[in-house]
């Protein structure tokens, strides 16, 4: 078993680094890590994880957009965030309500799907309830399990 301290970064492949720098920094308003000085790798801080926006062709692989659901950005108000993105010219899909959370999807300029997300319902307090997962798409998480640092075994 190993002890995982945290997720350091999620690599986000892009086709145009300057366009991505504008989108993630100016449109989404994420703070850029200014300690790095790379032309092909820019890190943006998104709360508890770093989004490493990078050009795949300079890292020896071909561009492929991320799969849906890779990046879900928690926001206080999905409708308000959606409106701000649309005002900035971003096409955002219709808002949805799963019964426990609100969400709306959009894509970055390279085509990577990103989700605006806000959970409004509390997590289930019981162990595992397959019916709960089937109806909501969210696995129940206990308070103790949600606060522990992860390990892989």
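FYI, it's all coordinate maths here, none of it is from the lab. Predicted model, so just to flag it, every value in this text is computed and none were measured. Glycine also receives a Cβ, built like all others from the backbone with ideal geometry; neighbour counts cover every protein chain displayed.
What the table below lists for this structure:
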item	result
Gyration tensor (alpha-carbon) shape descriptor, the range 51-130, a/c threshold 1.5	oblate
Approximate spin-label separation residue 33-residue 59, in nm, with each point projected 7 Å along Cα-to-Cβ	1.1
DSSP bridge orientation in the range 2-122 - percent antiparallel, rounded to nearest 5	65
Difference of contour (0.36 nm per residue) and Cα-Cα distance, residue 6 to residue 70	21.4 nm
FRET efficiency for residue 18 and residue 97, using Cβ-Cβ distance with R0 set to 35 Å, rounded to 0.05	0.45
When the range 2-122 is reduced to its Cα atoms, the Kirkwood hydrodynamic radius in Å	15.2
Simple label model, 7 Å out from Cα along Cβ direction - residue 125 to residue 86, nm	3.9
